[in-house]
Every structure is written in structure tokens, then in C-alpha cells.
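Enquirer: The structure under discussion is supplied below as C-alpha cells; questions concerning it will follow.
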Amino acid sequence: MDFFVGIKGKDFVMVCSDTSAAHSIISIKQDEDKIVPIDDHKVFCIAGEAGDRVNFSEYIIANVKLYALRNGTPLNTKSVANYTRGELATALRSSPYHCNLLLAGWDEQAGASLYWMDYLATLNKINTGGTGYGSYFTLSLFDKMWHPNLTVDEATAMMEAGIAEVKKRLVVAPPHYIIKVVDKDGIRVVKTV
Amino acid sequence: MTCDTPKVYKIHDKLYLGLSGLQTDATTLYQRLQFRHNLYKLREERDMKPSTFGHMLSNALYERRFGPYFAAPVVAGLEPDGTPFLCGMDTIGAIETAKDFMITGTSPESLYGMCESMWRPDMEAEELFETVAQCLMSGCDRDALAGWGAVVHVITKDKVVSRTLKTRMD
């Protein structure tokens, strides 16, 4: 039931997630921030199995930090994406992590990038995408509205249109969402819906 | 998720590998093979011959006989003496070398039909490109799972020409 979508703009990436934490039919809290920072310019949005999500994201974040400490230089988004895919792929044939994730980041050289990964360790670099039921409603909407020179305001409007669609058409639509942006100035919250 | 993911990877200038099937296994397999080829190049100080590569790949796939990579490859390239080499395998590495064409992926029936009727021996590079392009495009038209464009690489002894085709975008 986790809802995550990401949109890559001209020099930023915008990600939106729902903020509900639930356990079967019980809603535990409605203001859970599921977009976790890896470092100053990268975020993970991980959806999936309860334990695997947090465990896997903490594992990756710790290893990214370790690399930066050991080598004196932080990893760029593409490297983190491929490293994460490698970890998922290695675990796949023994004890797979059951999580789908979006990785959004901004680097000096590559600019903004958005990666989509699923629990089978499929890795795709995308302009717009999402995981979960919500993505079924937003994928084609974003395909229609996206263009390469998107501004933050246009992307926010796209996100809001996507959220409205999900609220309207998904039976178990989450009530609250948070929208964040990753760009050269780091990670910031754009709005909460 | 995306509409611009080609399925053919370059190993070296005279050797290309196409992998169909589960994308994650295709990526993992390609990375493993790239690694093995790099080691080979360091040891042997030359590129691997396509026939050798084909047999290595077959072995690599059969190693996982009871937990296979769900990716079926096609290996295409030019041997050092210039003769074309083409082979294909199933997901557990049963290798089959072909003189004419090799197919892997969804809708094999329509592709086999197209290739069988359009292939002729001793085609020139340009003619070959036309033939491959037509076979791919027609083969994909009726295939719900394949399409959104195609990439064709024609490998000749002094260059590789890669062209992107636009097909029915559905």
C-alpha cells in the first residue's frame, strides 16, 4: 500500500510518498516520513515488506557512508544505484529482500537522476515512475505531462494531479502525502498534502 | 517501466551479445561476462573470439542448471579471420550455431517466419540491415510485449553501424 512516485526535472528530482504507517488493517501513524536521505544529495524511497525495507535501507546507507569515509569521496547516484542493485541481485537467489525502491539524487557531473529498482534487482534509469498501486494511476498521467525542462512548480502540479487521481480512484488510497525535492542545494520538503 | 532499453550489449568491437528474458538476470549475466572477458583480455592480451565466447557463455549458463538465469542469449560477431559467427542458446546453455539467423525472445514464431522467408546467403551490409530491420519490425508488430522501437547493429570488418528504428509505439 506504499505509494511512491518520482519525477525528474531539469536539474532536480521530485519524489512523493504517502505518510501512513500501517500494520494489516490498523493505521499506526499518519505522519511517517518514508523518504530516507542517504547523504546530502540522495534519497531512497523504499516500499515493501516491513522488516526488509528498513533493514535494507539502513544497510545500504551505512555502506555508502563507509565508502565515503574510507575513500574520502562520496559515491555518485549512479554508483549507489548499481551498488544497491548488486546487493539485491546477490541476495536474490538465497534470501531476497522484498522491496521496490526509487533512488533520487543530484550530482555535479550527472545532474539530477532518478532510478527505479524492484525486488528482483531490475534497475532502470527513468524520468518518471513509481512503485505500488498508486503508480498504476500516475504512470500514464506523468507520461503525458512530462517534458525535459520541467520546473519545480510544474512538477509540483504534476504530483498534485497524480495524488488527486490516486485519492479519487484507488480504494485504499492513503490520506496524507509528503513531496520532497533533491537538487544542488540538497534535500528539502516542498509540501505535505 | 521504460521505453528505451536496448537488449543488445557490446562485448568488444567485433562481438555483440543480445539477451532476452528477465531483465535482472540479463543485467547480471552481462556484468559477469564483461568481467570474465576483461580478465581474459588481461591474460591473453587480445579480445575473445566469438566462438570461444559462445562456448564460455554456454558453460556459464549450464553451471546454474538447477537455478538458471532466466535469460536466453544470442551471440553475434566476426571471427579474427573475418567470417561471421552467430549462435544462440536457451536459458540453460544449449548452444546452437547458425549459418543464417538466430532468434530469442517473445513471439519467436513470427520472427522465425519473417527471417526464414527473408534471409538469403551472401547479403551485403546494407541489404542485411534492411532485412533485419524488416524482420524485427514485422515480428514485433503483433507482439504485445515487444516493441517501442528497435536498435540494429551491423558489424563489418572495419566498422559497426548502429541504427535506431521507430516502430509502432504500442
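The values are calculated or read from the model by the stated rules, or taken from the named source; none is laboratory data. Bear in mind that the values here come from a model prediction, so they are computed numbers and not experimental data. We place every Cβ from the backbone using ideal geometry, glycine too, and count neighbours over all the protein chains shown.
Enquirer: (1) surrounded by fewer than 16 Cβ atoms within 10 Å (Cβ to Cβ); (2) assigned to a loop (DSSP other than H, G, I, E, B); (3) outside the structural domain of B:PRO50 (by the TED database): which one isn't true of B:PRO80, the others all being true?
Expert: The single condition B:PRO80 does not satisfy is (3).
Enquirer: Can I ask one more? Output the number of residues of the stretch B:1-53 satisfying the condition of being touching a residue at least 40 places away in the same chain (Cβ under 8 Å) and hydrophobic (A, V, I, L, M, F, W, C).
Expert: Residues flagged as touching a residue at least 40 places away in the same chain (Cβ under 8 Å) and hydrophobic (A, V, I, L, M, F, W, C) within the stretch B:1-53 amount to 10.
Enquirer: If you don't mind, another one. Considering only residues of the stretch A:135-148 that are of a type outside the set (Phe, Trp, Tyr) and outside any loop (DSSP other than H, G, I, E, B), which is surrounded by the most Cβ atoms within 10 Å (Cβ to Cβ)?
Expert: A:THR138
Enquirer: Further question: Just a yes or no: is a residue in the stretch A:116-134 crowded, with 19+ Cβ neighbours inside 10 Å and part of a helix (DSSP H, G or I)?
Expert: Looking for residues that are crowded, with 19+ Cβ neighbours inside 10 Å and part of a helix (DSSP H, G or I), one finds at least one in the stretch A:116-134, hence yes.
Enquirer: Mind listing whichever residues of the stretch B:120-162 are farther than 23 Å from B:MET1 by Cα and of a type in the set (Lys, Arg)?
Expert: Within the stretch B:120-162, B:ARG120, B:LYS157, B:LYS159 qualify.
Enquirer: Let me ask something additional. Which is surrounded by 14 or more Cβ atoms within 10 Å (Cβ to Cβ) and over 23 Å from B:LEU61 (Cβ atoms), of B:MET102, B:MET114?
Expert: After ruling out the rest, the residue left standing is B:MET114.
Enquirer: Still on this structure, please answer the following. Among (1) within 30 Å of A:LEU102 (Cα to Cα); (2) buried (at least 18 other Cβ atoms within 10 Å of the Cβ); (3) in contact with a helix residue (DSSP H, G or I) (Cβ under 7 Å, 6 or more places away or on another chain), there is one condition B:MET48 misses while meeting the rest; what is its number?
Expert: All conditions pass for B:MET48, except number (1).
Enquirer: So the check is Cβ under 8 Å with 6+ separation or different chains; which pairs have a first residue in the stretch B:85-106 that's on the phi > 0 side of the Ramachandran plot and a second one that's among the aromatic types (Phe, Trp, Tyr)?
Expert: Cβ pairs passing all conditions: B:GLY93/B:TYR62.
Enquirer: State yes or no: is A:TYR83 in a loop (DSSP other than H, G, I, E, B), surrounded by fewer than 24 Cβ atoms within 10 Å (Cβ to Cβ) and more than 9 Å from chain B (Cβ to nearest Cβ)?
Expert: no
Enquirer: Closer than 21 Å to A:VAL43 by Cα, more than 10 Å from every other protein chain (Cβ to nearest Cβ) and touching a strand residue (DSSP E or B) at 6+ places or on another chain (Cβ under 9 Å): is that true of A:VAL166 in this structure? Before you say what the answer is, go through the steps one by one.
Expert: Values: closer than 21 Å to A:VAL43 by Cα: no; more than 10 Å from every other protein chain (Cβ to nearest Cβ): yes; touching a strand residue (DSSP E or B) at 6+ places or on another chain (Cβ under 9 Å): yes.
Here the answer is no, as A:VAL166 does not meet what is asked.
Enquirer: Here's something else I'd like to know. Out of the stretch A:17-53, which residues are assigned to a loop (DSSP other than H, G, I, E, B) and among the β-branched types (Val, Ile, Thr)?
Expert: Within the stretch A:17-53, A:THR19, A:ILE25 meet the criteria.
Enquirer: Same structure, new question: Of all residues being touching an Asp or Glu at 6+ places or on another chain (Cβ under 9 Å) and hydrophobic (A, V, I, L, M, F, W, C) in the stretch B:140-160, which is surrounded by the fewest Cβ atoms within 10 Å (Cβ to Cβ)? Just the residue, please.
Expert: Ranking the candidates gives B:ALA144 first.
Enquirer: Is it the case that the stretch A:103-112 has a residue that's modelled with pLDDT under 90 and buried (at least 18 other Cβ atoms within 10 Å of the Cβ)?
Expert: No, the stretch A:103-112 contains no residue that is modelled with pLDDT under 90 and buried (at least 18 other Cβ atoms within 10 Å of the Cβ).
So that you can scan it fast, the table gives a plain yes or no per residue for (1) crowded, with 17+ Cβ neighbours inside 10 Å; (2) of a type in the set (Ser, Thr, Tyr); (3) farther than 24 Å from B:GLY82 by Cβ:
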residue	(1), (2), (3)
B:ILE11	yes, no, no
B:LEU15	yes, no, no
B:SER20	yes, yes, yes
B:LYS41	no, no, no
B:ASN59	no, no, yes
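Enquirer: Restricting attention to the stretch B:1-32, report how many residues are more than 12 Å from B:PRO73 (Cα to Cα), under 16 Å from the mean Cα position of the chain (by Cα) and among the aliphatic types (A, V, I, L, M).
Expert: Total satisfying the criteria: 2.
Enquirer: Still on this structure, I have one more. Check off (1) under 21 Å from B:GLN23 (Cα atoms); (2) assigned to a loop (DSSP other than H, G, I, E, B) for B:CYS140 and give me the number that stays unchecked.
Expert: Exception for B:CYS140: condition (2).
Enquirer: Determine if the stretch A:17-33 includes at least one residue that is surrounded by 14 or more Cβ atoms within 10 Å (Cβ to Cβ), over 21 Å from A:TYR177 (Cβ atoms) and of a type in the set (Val, Ile, Thr).
Expert: no
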